[in-house]
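**Student:** Dropping the structure in here first, questions after.
The values are calculated or read from the model by the stated rules, or taken from the named source; none is laboratory data. Just so we're clear, the structure is a prediction, and the values are computed from it rather than from any experiment. All Cβ positions, even for glycine, are placed from backbone atoms using ideal geometry, and neighbour counts span all protein chains on display. Areas reflect the complete protein model, heavy atoms only, side chains present, ligands, DNA and RNA absent. Shrake-Rupley method; radii C 1.70, N 1.55, O 1.52, S 1.80 Å.
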Amino acid sequence: MSFNTFGHLYRTTTWGESHGPAIGCVVDGCPPNINLEEIDIQKWLDKRKPGQSRFTTQRKEQDKVKILSGVFEGKTTGTPISLLIENMDARSKDYDKIKDKFRPGHADFTYQKKYGHRDYRGGGRQSARETACRVASGAVARKILGSELSIKGAVIQIGDLEINRNNWNENEIDNNPFWCPDIEKVKIWEKYLDEIRMSGSSVGAIIEITARGIPAGLGAPIYKKLDADIASAMMSINAVKAIEIGSGVNASTLKGEENADEIVIKNNKIKFNSNNSGGILGGISSGQDLIVRFTVKPTSSILIETKTVNTKNENDTIKTTGRHDPCVGIRAVPVGEAMLACTLADHFLLHRAQVGELNE
């Protein structure tokens, strides 16, 4: 299997399976002399790790990261950074009864068709367990970008229940198990997901990521557009089915004068009167907040019996037991933040390589 690497100058190769002894990644292209310790990575992994509420999988993983290379005396050396995360709570026996059945909605069938062999334990390489590696790499990327640039994600919809944007309070996002900025929606989502979980089903979600402090000039026209790379990064996350940037699909309902972000001079600086572009014009960052949303489908592993086929080409039925998320979109928030950080770090290095310093 190839294609386990993403990025161009800031490159990350992830490895490992859901029920193997460990997972990890190798980060290449990180500049030297950047302060980096395990605690800088661990704080982001702690946001993603499972089992933190009844609304996520109860698999208990500490996700403790070990830096194996690329750092000396607390600073990056410019050489590959190897990161290791051991798997501590895999329960492979949960999959013994369904190992010869293709789980609907999962990649079991397509993996088998492509490779002729697959790791059925938790989905192996296709498992969302792999995203811990992305979060680890995203932590390194954030160090490259610096503290002046902030990346913050939130869940804005679970199932068909949307937040009220008039209630948006960023300080509330880290205070509830849903990364929800609307405190009034938390109790409603709790009741809703408890009902979904008890029924053995699942629902999807929409996540919004905002990056602030991005300089103008990142990205390039035509074949290296910043928004194209962001879309690719987000679509690579497990269960993601749609991407929006700025006004997204709502742009089709606007007139030209409504959608255009008027440009004015205020206090001798260029300002925009709106941000329908989501901070990107012609594939290049405008200096405005970068806003990206992605849609996560319902968790495919459910306790409700569904139709499928088995490896003998026979009709069959399946009920997936084990520990699964009633809404996998909740834990996608730190993953989306990490992929945006990796993409921005990559484009920062690409810009510096081609142009030099960013123009003010």
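**Student:** Kindly evaluate ILE173 against the criterion of being modelled with pLDDT of 95 or more, open to solvent by 70 Å² or more (accessible area, probe 1.4 Å) and assigned to a helix (DSSP H, G or I).
**Tutor:** Here the answer is no, as ILE173 does not meet what is asked.
**Student:** Then there is this: Do any strands (runs of 3 or more DSSP E) entirely within the range 280-360 hold 3 or more residues that are in contact (Cβ under 8 Å) with a residue 60 or more places away in the chain, farther than 30 Å from ASP100 by Cβ and touching a strand residue (DSSP E or B) at 6+ places or on another chain (Cβ under 9 Å), and if so, which?
**Tutor:** 290-296
**Student:** Next question. Looking at the range 214-269, which of its residues are under 28 Å from GLY146 (Cα atoms), open to solvent by 40 Å² or more (accessible area, probe 1.4 Å) and hydroxyl-bearing (Ser, Thr, Tyr)?
**Tutor:** TYR223, SER232, SER236, listed by residue number.
**Student:** Checking the conditions here, which among ALA154, ALA139 is open to solvent by less than 30 Å² (accessible area, probe 1.4 Å), assigned to a helix (DSSP H, G or I) and at pLDDT 95 or above?
**Tutor:** Criteria check complete, one pass: ALA139.
**Student:** Turning to a different aspect of this structure: Tell me which residues, restricted to the range 62-99, are open to solvent by 50 Å² or more (accessible area, probe 1.4 Å) and at pLDDT 90 or above.
**Tutor:** LYS64, LYS66, LEU68, PHE72, GLU73, LYS75, THR77, THR79, PRO80, GLU86
**Student:** Right, next: Please go through (1) within 30 Å of SER286 (Cβ to Cβ); (2) more than 18 Å from the chain's Cα centre (by Cα) for TYR192 and return the number of the only condition it doesn't satisfy.
**Tutor:** It fails just one condition, (1).
**Student:** Now a separate question. Quickly run through the range 109-127 and pick out the residues that are surrounded by fewer than 23 Cβ atoms within 10 Å (Cβ to Cβ) and not in a loop (DSSP other than H, G, I, E, B).
**Tutor:** Once the filter is applied, which keeps residues that are surrounded by fewer than 23 Cβ atoms within 10 Å (Cβ to Cβ) and not in a loop (DSSP other than H, G, I, E, B), the range 109-127 yields PHE109, THR110, TYR111, GLN112, LYS113, LYS114, TYR115, ARG121, GLY124, ARG125, GLN126.
**Student:** Sticking with this one: So which residues in the range 215-226 are assigned to a helix (DSSP H, G or I) and in contact with a Ser or Thr (Cβ under 9 Å, 6 or more places away or on another chain)?
**Tutor:** LEU226
**Student:** Specify which of the listed residues (ILE302, ILE280, ILE265) is at pLDDT below 95 and among the hydrophobic types (A, V, I, L, M, F, W, C).
**Tutor:** After applying the criteria, what remains is ILE302.
**Student:** Does ARG352 satisfy being basic (Lys, Arg) and closer than 25 Å to SER247 by Cα?
**Tutor:** no
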